1. Return the residues of segment 2-28 that are at negative phi and outside any helix (DSSP H, G or I); say none if nothing qualifies.
2. Mind listing whichever residues of segment 1-28 are under 8 Å from the mean Cα position of the chain (by Cα) and buried (at least 16 other Cβ atoms within 10 Å of the Cβ)?
Amino acid sequence: MKRQKRDRLERAQSKGYQAGLNGRSSETCPYQAMDARSCWLGGWRDGRDNKATMMK
């Protein structure tokens with residue numbers, strides 16, 4: 001059971017990371033549940049940071 005929950009959150013983080021790299025807005029987060037939304041937004045921030053670093 002815990003493995004499924006962790007996988008779901010890891011997927012949310014990965015999808016958020018991809019959204020950040022692609023320049024999508026944080027408003028496009030598809031998750032409503034706070035734990036998944038938090039993971040997605042964390043990934044989104046990481047993706048945006050990496051995109052900015054690559055642009056330099």
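Please treat every number below as a calculation from the coordinates, not as lab data. Just so it is clear, the model here is predicted, and its values are computed rather than measured. As a convention, Cβ positions derive from the backbone with ideal geometry for all residues, glycine included, and neighbour counts pool all protein chains shown.
1. Correct list: Asn22, Arg24, Ser25.
2. Ala12, Gln13, Lys15, Gly16, Tyr17, Ala19, Gly20
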